[in-house]
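The values are calculated or read from the model by the stated rules, or taken from the named source; none is laboratory data. Note that the structure is a prediction, hence the values are computed from the model and not measured. Positions of Cβ are backbone-derived with ideal geometry, glycine not excepted, and every protein chain shown enters the neighbour counts. Side chains are part of the model used for accessible areas, which takes the heavy atoms of the whole protein and leaves out ligands, DNA and RNA. Shrake-Rupley method; radii C 1.70, N 1.55, O 1.52, S 1.80 Å.
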Amino acid sequence: MESGLDYYSARALLEWQIELGATEAIGDAPVDRYALPDTSPKPKTAEAPSAASAKLKDVDPVAIAGSAAQGAKSLDQLRAAMEVFDHCELKRGARQLVFADGTPGSRVMIIGEAPGRDEDREGKPFVGRAGQLLDRMLAAIDLDRRENVYITNVLPWRPPQNRDPKPEEIGMLKPFLERHVALAKPKVLVVMGNISCQAVLGKRGITRLRGNWDQAMDLPVIPMFHPAYLLRQPQMKRQAWADLLELKARLRGAT
Ligand code: URA
């Protein structure tokens, strides 16, 4: 398509969109959404609530997640229970469930935030650029997901446009995360970034929390910078390295 833009203007426009958070090209031509017919839901005229909608109101997704999670007696059963859990909107926008990767039963379990585009495509956590950095970080302390690390995320479905997870989404899916940890039986948890700190420790402020051992789900927990943050702020790798050494020292003492 001839846009009339020179190379430098086109590049500047593209960079500006990336800066705003655009991650994918969806169509070749722009869509003027103001010119499209209004398909937004219209307010309903007053009518007696149907039995079905009254029933829907009674549904407590957190309780449903809790009993589904508790019913799972193995990681395979947990994955199956999550596959059929239909109460989280994120599931509808995602390609597939991203359950875990690595070696179940490892001493180290890493908890990231949520799948991104690459993870959504491949069905495994941390396979994109951040995941590749994570692999290099782990290798620096002789850890490898194929042998001695187990990896999952707070959320198993990719949020639209990689937006931050909402507190209600985290709360709804937390019973699955807790059961995941209980079934994987790690010795230590590594929580990467603010979202994971919030979900697991109930605290935010990764810059202050990182590198300090805490306790949750009956396990020692170490918060670390998220590798995606380290890609943006490479000068923070020095602190991340210190945290990795702290983890390594702890593992030396762990049975
Ligand atoms: N970031 C995460 O937190 N998790 C992934 O799986 C990928 C990127």
>> Quick test for you: out of LEU177, LEU230, LEU189, pick the one residue that is touching a Pro at 6+ places or on another chain (Cβ under 8 Å) and either within 16 Å of the ligand (Cβ to nearest atom) or among the basic types (Lys, Arg) (or both).
In response: LEU189
>> When the residues of segment 226-251 are narrowed to those that are in a helix (DSSP H, G or I) and free of Cβ contacts under 8 Å to residues at least 12 places away in the same chain, which ends up nearest to ALA114 (Cα to Cα)?
In response: ARG232
> Tally time: how many residues in segment 134-173 are surrounded by 15 or more Cβ atoms within 10 Å (Cβ to Cβ), of a type outside the set (Val, Ile, Thr) and within 16 Å of the ligand (Cβ to nearest atom)?
Replying inline: 16
> Which residue pairs have Cβ atoms under 8 Å apart, sit 6 or more places apart or on different chains, and have a first residue in segment 84-105 that is over 21 Å from GLU168 (Cα atoms) and open to solvent by less than 60 Å² (accessible area, probe 1.4 Å) and a second that is at pLDDT 95 or above and small (Gly, Ala, Ser)?
Replying inline: ALA100/ALA184; GLY105/ALA184
> With respect to PHE126, is the statement that it is near the ligand (Cβ under 10 Å from one of its atoms) and among the aromatic types (Phe, Trp, Tyr) true?
Replying inline: yes
>> Can you say whether ARG121 is more than 12 Å from the chain's Cα centre (by Cα), within 14 Å of the ligand (Cβ to nearest atom), modelled with pLDDT of 95 or more and open to solvent by 50 Å² or more (accessible area, probe 1.4 Å), as far as the supplied structure shows?
In response: yes
